[in-house]
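Working notes for the structure below.
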Amino acid sequence: MNNPQLTIIGGGLAGSEAAWQAAQRGISVSLYEMRPVRQTPAHVSDRLAELVCSNSLGSDLPERAPGLLKAEIRRLGSLIMEAAERSAVPAGGALAVDREQFAEEVTCRIQAHPLIELRREEVTTIPDSPTIIASGPLTSNALAGEIAALSGEEHLYFYDAVSPIVEIDSINIDIAFRASRYGRGEQEEGDYLNCPFDKDQYLAFVEALREAEQIELKQFEQEDENFFEMCLPVEELARRGEHALAFGPMRPVGLTDPRTGRRPYAAVQLRQDNLAGTLYNLVGFQTNLRWGEQRRVFRLIPGLEQAEFMRYGMMHRNTYINSPRLLEPTLQWHTRPDLFFAGQISGVEGYVGNAATGLLAGLNAARLLHGQAPLTLPKTTMLGALAHYVTHTEPKDFQPMKANFGLMPPLPRRIRNKKARYQAYTARALADLNRMIETERLQAVRTSTPIG
């Protein structure tokens, strides 16, 4: 008997996770990834699940929203979480990875799966058979046009920006010091390199950012001058107020400069970007400055006067659908049950949110193809709350959303202490998820051929 067939468009975090989940449940998957036949402005390789913004998957602490979401999808057998743990680099309470090793791990696991066929070609039309669209923020114009025609309304856009990466040997460690905020780190001396500013240095840096020349937006980008509020370029943030950076990505709280014994006026943190520890990225320093301007302005950061940039920051278009009008909380298209959307194009934000919605779409597509009802996860779980938000919020005000406890239903009783409250959210979420796993028998149906 032949296995049911599923098409998945997009080999990013969501598409790779969806393919794995469906295949593990006995579905034959055709996974389409257009790279390297057609590249995007942001990717640099042809690997699946390539991370183009940061190498951090966010907090791994169980009482934090991203940590809870990770815990949930680990319990559901996430490929992305397994690959991330195998390629992890020190990042304090966060889960950060060696980008190349992570993408290679995902690519090899997908290619080795006996029920997944990886096809390197662009999809320009929406198939009329069971399909998951996980084409991501840089969906090709042809497919975007098809989705727009299907939805009957124009696409929504926001802009996403990525941070520069520098070589560690070019960082002046006589100025930069190693530490984690409040001493919370895996390495005894600290997981981050911190570049400290005094007041005069900080004000001069802010002024340089404000005056620096940006890359001119393309015509299609100029149609919407708004920036996505959760991923602002640092130069745009600097224009919003003299101290916006000091209260944002350059906040010095929890840091003490060992050379002065005092907290700096502001600080830029750099996080390890690869297992070898040779590359560090500027945390929160998404930018759209011209590359020459990045080199000039970012070398004003104390400790980066001679920085060698291995990758400059960039900004690119991000495309997503108006999910509250178009999707069910199962991630099915509202008028076509065998069509699913997952990842950033569905309106979630953040690496783990992308992977998590891919997991849910893959699981539900498999259930549908096996004649079972797709699942709506409890809103008390982080993934359930996120899926509910992107499919139920006010359509006219819809913007992409990251996992956060504000999406979840109130607890039965009020808990004033924030940490205790978040711990209660987590305990309730995992208990409800475990109950659903047991009730619905959500364990993956393994293939007969060993994988990985």
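The values are calculated or read from the model by the stated rules, or taken from the named source; none is laboratory data. What you see is a predicted model, and the numbers here were worked out from it, not measured in a lab. We place every Cβ from the backbone using ideal geometry, glycine too, and count neighbours over all the protein chains shown. Remember, those area values only see protein heavy atoms, side chains included, never the ligands or the DNA or RNA. Shrake-Rupley method; radii C 1.70, N 1.55, O 1.52, S 1.80 Å.
Determine, yes or no, whether PRO4 is within 29 Å of ALA366 (Cα to Cα), in contact with a His (Cβ under 8 Å, 6 or more places away or on another chain) and surrounded by fewer than 23 Cβ atoms within 10 Å (Cβ to Cβ). Yes; evaluated as a whole, the condition is true for this residue. Against the test of being open to solvent by 50 Å² or more (accessible area, probe 1.4 Å), under 28 Å from LEU51 (Cβ atoms) and either at pLDDT 90 or above or over 25 Å from the mean Cα position of the chain (by Cα) (or both), the options ARG184, ARG210, ARG178 yield a single qualifying residue, ARG178. Among the residues of this structure, THR139 counts as one that is at pLDDT below 95 and surrounded by 19 or more Cβ atoms within 10 Å (Cβ to Cβ).
Once the stretch 41-88 is narrowed to residues that are within 30 Å of ILE215 (Cβ to Cβ) and among the acidic types (Asp, Glu), the residue that is modelled with the highest pLDDT is GLU50. In the stretch 303-319 there is at least one residue that is open to solvent by 10 Å² or more (accessible area, probe 1.4 Å), farther than 23 Å from THR139 by Cβ, assigned to a loop (DSSP other than H, G, I, E, B) and out of contact with any helix residue (DSSP H, G or I) (no Cβ under 6 Å at 6 or more places or on another chain). Would you pick out the residues in the stretch 361-417 that are within 18 Å of GLY58 (Cβ to Cβ), of a type outside the set (Phe, Trp, Tyr), assigned to a helix (DSSP H, G or I) and open to solvent by 10 Å² or more (accessible area, probe 1.4 Å)? Hits for the stretch 361-417 are GLY406, LEU407. For the stretch 262-302, name all the residues that are part of a strand (DSSP E or B), closer than 23 Å to ASP191 by Cβ and touching a residue at least 40 places away in the same chain (Cβ under 8 Å). Once the filter is applied, which keeps residues that are part of a strand (DSSP E or B), closer than 23 Å to ASP191 by Cβ and touching a residue at least 40 places away in the same chain (Cβ under 8 Å), the stretch 262-302 yields ALA266, ALA267, VAL268, GLN269, LEU270, ARG271, GLN272, LEU279, TYR280, ASN281, LEU282. Whenever a residue of the stretch 22-36 is charged (D, E, K, R), its partners that are assigned to a helix (DSSP H, G or I) and surrounded by fewer than 22 Cβ atoms within 10 Å (Cβ to Cβ), lying with C-beta atoms within less than 9 angstrom and at least six residues away or across chains, give the pairs ARG25/ARG367; ARG25/LEU369. Take ALA355 and tell me if it is of a type outside the set (S, T, N, Q) and crowded, with 22+ Cβ neighbours inside 10 Å. In short, yes.
Across the stretch 213-247, the number of residues qualifying as at pLDDT below 90, open to solvent by less than 30 Å² (accessible area, probe 1.4 Å), of a type in the set (A, V, I, L, M) and part of a helix (DSSP H, G or I) comes to 0.
Taking each residue of the stretch 248-261 that is without any contact (Cβ under 8 Å) to a residue 40 or more places away in the chain and open to solvent by 20 Å² or more (accessible area, probe 1.4 Å) and looking for partners that are assigned to a loop (DSSP other than H, G, I, E, B) and not acidic (Asp, Glu) with beta-carbon atoms closer than 8 Å, six or more apart or interchain, yields PRO249/VAL283; PRO249/GLY284; PRO249/PHE285.
Of the residues making up the stretch 292-316, those that are under 21 Å from ARG239 (Cβ atoms), of a type outside the set (Gly, Ala, Ser), modelled with pLDDT under 95 and in contact with a strand residue (DSSP E or B) (Cβ under 8 Å, 6 or more places away or on another chain) are MET314, MET315, HIS316.
Being over 14 Å from the mean Cα position of the chain (by Cα) and farther than 30 Å from ASN2 by Cβ is a description that applies to PRO90.
Residues in the stretch 78-116 that are surrounded by fewer than 21 Cβ atoms within 10 Å (Cβ to Cβ), among the polar types (S, T, N, Q) and over 30 Å from ARG181 (Cβ atoms): GLN111 alone. Would a scan of the stretch 349-369 turn up a residue that is of a type in the set (Gly, Ala, Ser), on the phi > 0 side of the Ramachandran plot and at pLDDT below 90? There is at least one residue in the stretch 349-369 that is of a type in the set (Gly, Ala, Ser), on the phi > 0 side of the Ramachandran plot and at pLDDT below 90.
Within the stretch 330-352, being among the aliphatic types (A, V, I, L, M) and either surrounded by fewer than 24 Cβ atoms within 10 Å (Cβ to Cβ) or more than 24 Å from VAL97 (Cβ to Cβ) (or both) holds for LEU331, LEU339. Step by step: first the residues of the stretch 262-287, then only those that are over 23 Å from SER54 (Cα atoms) and in contact with a strand residue (DSSP E or B) (Cβ under 8 Å, 6 or more places away or on another chain), then the one that is surrounded by the most Cβ atoms within 10 Å (Cβ to Cβ). Which residue is that? Looking at residues that are over 23 Å from SER54 (Cα atoms) and in contact with a strand residue (DSSP E or B) (Cβ under 8 Å, 6 or more places away or on another chain), I get PRO264.
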